[in-house]
1. Listed residues Val70, Val93, Val51, Val119; which is within 21 Å of Thr306 (Cα to Cα) and away from ligand 2 (no atom under 16 Å from the Cβ)?
2. Any idea which of (1) over 15 Å from the mean Cα position of the chain (by Cα); (2) surrounded by 17 or more Cβ atoms within 10 Å (Cβ to Cβ); (3) within 16 Å of ligand 2 (Cβ to nearest atom); (4) of a type outside the set (A, V, I, L, M, F, W, C) is the one Asp239 doesn't satisfy?
3. Looking at region 6-33 only, could you name the residues that are touching a Gly at 6+ places or on another chain (Cβ under 9 Å) and either modelled with pLDDT under 95 or in a strand (DSSP E or B) (or both)?
4. Identify the residue in region 107-127 that is among the small types (Gly, Ala, Ser) and over 14 Å from Leu162 (Cβ atoms) and, among all such residues, is surrounded by the fewest Cβ atoms within 10 Å (Cβ to Cβ).
5. So which residues in region 78-121 are over 19 Å from Thr279 (Cβ atoms), under 20 Å from the mean Cα position of the chain (by Cα) and more than 11 Å from ligand 1 (Cβ to nearest atom), if there are any at all?
6. Leu126: among the aliphatic types (A, V, I, L, M) and within 11 Å of ligand 1 (Cβ to nearest atom), yes or no?
7. Step by step: first the residues of region 258-288, then only those that are within 14 Å of ligand 2 (Cβ to nearest atom) and surrounded by fewer than 14 Cβ atoms within 10 Å (Cβ to Cβ), then the one that is farthest from Ser103 (Cα to Cα). Which residue is that?
8. Looking at Arg153, Arg228, can you tell me which residue is of a type in the set (D, E, K, R), touching a His at 6+ places or on another chain (Cβ under 9 Å) and surrounded by 22 or more Cβ atoms within 10 Å (Cβ to Cβ)?
Amino acid sequence: MSQYVVLIADALSPHAAEVLTRDGSVEVRHVDGTDRPTLLAALAGADAVLVRSATRIDAEALAAAPRLKVVARAGVGLDNVDVTAATAAGVLVANAPASNVVSAAEHAVALLLALARHVPQAHAALRDGRWARSSFTGVELAGKTLGVLGLGRIGSLVARRLAAFDMEVIAYDPYADEEHAHALGVRLTGLDELLARARFLTVHLPLTEGTAGLIGSDALRRVRPDLRIVNAARGGIVDEQELYAALKEGRIAGAALDVYAQEPCTDSPLFELDNVIATPHLGASTPEAQERAGTQAAESVLLALTGMPVPEAVNAPLVSCVPDAVDAPLESPVHAL
Ligand SMILES: NC(=O)C1=CN([C@@H]2O[C@H](COP(=O)(O)OP(=O)(O)OC[C@H]3O[C@@H](n4cnc5c(N)ncnc54)[C@H](O)[C@@H]3O)[C@@H](O)[C@H]2O)C=CC1
Ligand SMILES: O=C(O)CCC(=O)C(=O)O
């Protein structure tokens, strides 16, 4: 008989369950974590729970889980887990901090290019039978200033990729290391300069009390009218109502969004604007990222439950695609106890 019950509450790569059941000590139960009554009932008998971004592990969920020892997030952002409440309850929280960063960075770059050249709008017009070349004149990236908000793992990967498009890259991140920025060809600036100068702004911050609404009414009045904004970090960092107003009034030129204050989000006034392009939180949606995220989250659960060491091989493929400079200054996967 298995010693531990582990819930998989969001759709994860099958590798997660494979890793968990490797030594026979774990019984895996799949539940729909967005169905609250089902989640709360399942948590009653769970030793661990693995989530992606849809399932909320808040104080109520933790109170329903007397046996819970670990919450593992198969990805980066921990805004759907109440880390403070978990810590108070003696529950360990782990994430997989480098698992999906390459995919997320590539998606941000894809959005930025699509925004610059109106790719989704032109595609839609052509499918409607309109050869509307003059409607879709774009802008070049070369020579333009890119402002990166948050020069952590993803911001650094995006900066490096867009520097290769001959953009001038500046970044605002009060915690970033000068040498790290310099090695990427990025100049660190204050927020005021970044807002005043950027032609493109890409957001790579965690959602915290300090970053919620950072790009709001005040910031959006200090930018150039030809600014294009990409947010593939978290909804709520860019205030959606203020963004709508800025776009509608022509105070900025366009926006590309992957994330929303409320998700799922299928009905936003922003989706009615011609200069907005949008994807449904797809930054980490590649098999490569999901395999790494599921595997690393499962390894953290096993480590926490059984003390079984994490094999080197699990981390090896990722380290080879994330530059050392990006990997170095960041926290360990096990976030809190
Ligand atoms: N769209 C998607 O599918 C994905 C979205 N994400 C989001 O991207 C965010 C960033 O991810 P990583 O780069 O891996 O995180 P990270 O922790 O490596 O980098 C975040 C950076 O933001 C900086 N920062 C924090 N507060 C700041 C502030 N007030 N002003 C300026 N800089 C500040 C930190 O110093 C750090 O360098 C995650 O928190 C997550 O919410 C992550 C993965 C996939
Ligand atoms: O699991 C996902 O698709 C969400 C990825 C994400 O936003 C994150 O890792 O922070």
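1. Details: Val93 fails: away from ligand 2 (no atom under 16 Å from the Cβ); Val51 fails: away from ligand 2 (no atom under 16 Å from the Cβ); Val119 fails: within 21 Å of Thr306 (Cα to Cα).
Only one candidate passes the filter, namely Val70.
2. (3)
3. Residues satisfying the conditions are Leu7, Ile8, Arg29.
4. Within region 107-127, the first condition is being among the small types (Gly, Ala, Ser), and the residues that meet it are 108, 110, 114, 116, 122, 124-125.
Adding the requirement that they be over 14 Å from Leu162 (Cβ atoms) leaves 122, 124-125.
On the way: Ala122: 18, Ala124: 11, Ala125: 16.
Top of the filtered list is Ala124.
5. Matches in region 78-121: Val81, Asp82, Val83, Val93, Ala94.
6. Numbers: among the aliphatic types (A, V, I, L, M): yes; within 11 Å of ligand 1 (Cβ to nearest atom): no.
In short, no.
7. Checked region 258-288; the qualifying residue farthest from Ser103 (Cα to Cα) is Pro264.
8. Working: Arg228 fails: touching a His at 6+ places or on another chain (Cβ under 9 Å).
The match here is Arg153.
The values are calculated or read from the model by the stated rules, or taken from the named source; none is laboratory data. Values in this document were obtained by computation on a predicted structure and should not be read as measured data. Cβ sites come from the backbone with ideal geometry, for glycine too, and all protein chains shown count toward neighbours.
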